[in-house]
Every structure is written in structure tokens, then in C-alpha cells.
């Protein structure tokens, strides 16, 4: 059999098995290996690389733990289909009788005020003739761009942010990677909520950071579970989303935040705080405001202003900045200068804040349209969130429901996208209502999902129904 992957590890430092895993991750990230590609057998790869079969077995086991591959008994080892791949593939053409409503992703709607403001700022900057003066050889933007990021962060943490400790990242995913790299490295363990975003799992996998789940409740991570996990796992850091957790919408109370900080301080534990949705709730005080000395905090304009503005800001303690900068130089090296300049102008003109406020008001208005769906089944949704977490009856396994929804012209995302490897997957789907252009589309999507649940599809259901609303 001919295999597509022919790695060379002779010049790679470190343990041989980790070199194999790193090359495999690179090949997948570069597109040289795609979902479903078959990898060489253990024996064939060992012979090619001049290593033992045990080394290859160890490498494949580690790659499977990171979610890069899947082993099938009697068939071989294959590149695993990512959650994003499966969702994108499922969002094919809807039945011709109805328009497709994409409720699988939480991207800001293009119908907001950000588009016109961005167009105006781009034209005004182009008219200055200074486009060629934007530096393209710096790994952390220019001072004015970092200062604007510090201004944006200061709105959230309620105090001045040091521009020297701000990194300008190329969007949310890059911010996640830089934030993790600031506190952990290959072989380290990081604690996360039991349900965690695909982006976090992917970034951790690329960095070789092991993720361990911590039990949660309706407010997010449990302090007592966190304490026990720190003692048992000996992690390097804790990664959490205290405001509008993805996908459950759980939001920590002030008391819960204080208790989490207390546990982390007691154990000297660094914290990574994803605060991309904090703009939706001004009353939710970020962890970074409570424990600035140990918190790597990041926000994203692509989540709060416009998906066409791939700029995020990471604010880290001084000791963590150099580690994050090293990761930046090894990945994107720099964020596109023009995007940084437009983001700076949006922030300083007040247009970014206006867009975020519009987006927040739109989310609250659209959440009220979920009534038909909430009346049909169990759903978790905190007021102000951009999505809801829909618990399904037993007759509707989440992957089957997502496919049935697609055939009804609605895209949703199953729990598989958020479950840690080896952890049980809850029977639920995430339903977002931010990306569609209009309220009418959102209402149509909710109605179709409610009809699907109320109908006779799915498997026979023997579970008594219970209703849960937040």
C-alpha cells in the first residue's frame, strides 16, 4: 500500500516518539495530511525511520490522545476528522424549498454597524498615503496598536493595562495558542472545564499540552473539584471561561470567581482566562481584575465587533510575555499590520464599542425568539448569551440530530466538538443565533428545530421528559 506521509526525524531534537507526533501535527496543519488519510503501519514506519515498533506505537498513542488520529482495529490508523471539518461538511446545500440557517457558529452577524465603520476607516487610512509605512517585520505590532489593545482590555478589567504586556494576536485561535504557550509547554498538564472549545483542544494539541477536565455545574468550574485536580494532576495552569462558557453558557457568580482565585493563589497556579464574551455582561468582573498577578487574559474583536476583523489582544504577567512572544514568532510571527491599524482606529473612534453594544443588544433580542425551542426540550441559556445548549432526548443522539437538522435547513454543532478525548459526550447540541443576518432567519431556525424535536423522528424515547431553563 502507498502512504502519503513520509516524515524525516533524523534532525529533530528530543524523544523520537514526540518528534513523530510533532511532524504529524505539522503535516495536518499544513494540509499535507487530511481527514481520513491512512498512516503507515507501525512496522512500516518503524522500518522507514530506523526506530523500534514500540516507539511508533507510543507516538501513535500520543497522537490519538491529542485528537490527531484515530485507530481502527483491523483497518489501521487514520487522520481524525476534526469537529470543524465535520461541521463544514455537514453544512451543505439545504433543501431548495428553504434557505439554510447557519446556527452552528458564533460569528458576529455581518449586518451590524461594524462593516460601514471598517470601510470608512480603511478608506481614510488609504487616503493618508501611509499604507507603505506600516511595519511588517515586528512580532508584536507597533506601539500604537498595543496601546489601543490596552485601552480595550482596560474596559473589561476596570484598571489600566500595560501596553508593554499586550500582545496583538491574529484572531481568537491565535490568542488561545499564545495564552496557553505563556504558561505551559510540551508534556505539561493544563486543567480545563470538562466541556472545552475545539480551538482550545487544538491549540493545546499543537503545543503538546495535556488537557485534564475539571467538573462543573451551572456556574462553571467547581472550586472543590479544581483543588482536588490540582493535588492529583500537578498541572502547570488552569484554563477557564468564566463568562458565557462555550458551550454551556455557564457564568460564574462573584463568589465563585473569588473562590477559584483563592484556590489558584493557594497553589501558586497560573490562570488563562478566555474573556471573548465578557462584553456581553458588563457586570461580570473578569478573573484578571481579581488576580492580575497570575492571569493571562485575552479578548477578541472578531467575537465582539466583526468576524472580518481578525485581531485579538492578550494581556499577560511580565514573566509570561516572553514565552507568548516566542510562540508568536514560531507561528504567525506578526499580525497583519493593516488589520491592526483598522482595529486601532475602530477602538479610538468609539466605533468598536458601538459595534459591540449593538451586538450585545442583538443577542438579547434574539434570545427571546428561542421560546418555541425552550418549550419543547431542555436548554441551558444564560440571559445575554449568544447561543444555547440544547439537551436532547435519548431518541435523538446528538450527531443524528445535527444531521436531521441540516436536512431541515439548520446548522447546529454536536457535543463532540467540545468533549475531551476519553470523556463522556453529553447528548446535546449548541445552537448559535449570532451569525444569521436577520431576526427572521433566527426565528425560522428555532421553529424548524422545535418542529424536529416535536415530531416522531429519532429513536424510541424511554426517558421521562424534564424541563430545565435558565
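Tabulated values for the structure
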read-out	value
Some residue of the range 316-330 being closer than 29 Å to residue 111 by Cβ and surrounded by 16 or more Cβ atoms within 10 Å (Cβ to Cβ)	no
The range 146-160 residues that are surrounded by fewer than 16 Cβ atoms within 10 Å (Cβ to Cβ), paired with ones that are assigned to a helix (DSSP H, G or I) (beta carbon under 6 Å, 6 or more apart)	158/289; 160/154
Residue that is farthest from residue 309 (Cα to Cα), among those in the range 132-149 that are modelled with pLDDT of 65 or more and over 27 Å from the mean Cα position of the chain (by Cα)	143
Matching residues in the range 231-255 - criterion: being touching a strand residue (DSSP E or B) at 6+ places or on another chain (Cβ under 7 Å) and assigned to a helix (DSSP H, G or I)	233
Among (1) in a loop (DSSP other than H, G, I, E, B); (2) surrounded by fewer than 23 Cβ atoms within 10 Å (Cβ to Cβ) - the single one residue 206 does not satisfy	(1)
Boolean, residue 368 is outside the structural domain of residue 203 (by TED's automatic domain parsing) and in contact with a strand residue (DSSP E or B) (Cβ under 7 Å, 6 or more places away or on another chain)	no
Filter result for the condition that a residue is under 21 Å from the mean Cα position of the chain (by Cα), part of a loop (DSSP other than H, G, I, E, B), buried (at least 19 other Cβ atoms within 10 Å of the Cβ) and in the same structural domain as residue 335 (by TED's automatic domain parsing), over 284, 288	284
Number of positions in the range 256-281 that are in a helix (DSSP H, G or I) and more than 25 Å from residue 387 (Cβ to Cβ)	8
Residue that is assigned to a helix (DSSP H, G or I) and in contact (Cβ under 8 Å) with a residue 24 or more places away in the chain, where the choices are 302, 306	302
Output for the range 379-432, where each listed residue is in a strand (DSSP E or B), under 20 Å from residue 107 (Cβ atoms) and more than 19 Å from the chain's Cα centre (by Cα)	410
From the options 191, 211, residue that is within 22 Å of residue 249 (Cβ to Cβ), in contact with a helix residue (DSSP H, G or I) (Cβ under 7 Å, 6 or more places away or on another chain), in the same structural domain as residue 333 (by TED's automatic domain parsing) and free of Cβ contacts under 8 Å to residues at least 60 places away in the same chain	191
Subset of the range 162-181 [within 17 Å of the chain's Cα centre (by Cα) and in a loop (DSSP other than H, G, I, E, B)]	170, 171
Top-ranked residue of the range 213-230 - restricted to ones that are assigned to a helix (DSSP H, G or I) and out of contact with any strand residue (DSSP E or B) (no Cβ under 8 Å at 6 or more places or on another chain), ranked as surrounded by the fewest Cβ atoms within 10 Å (Cβ to Cβ)	224
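The values are calculated or read from the model by the stated rules, or taken from the named source; none is laboratory data. Given the structure is predicted, the values throughout are model-derived calculations rather than measurements. Neighbour counts are summed over all protein chains in view; Cβ atoms, including those assigned to glycine, are modelled from backbone coordinates with ideal geometry.
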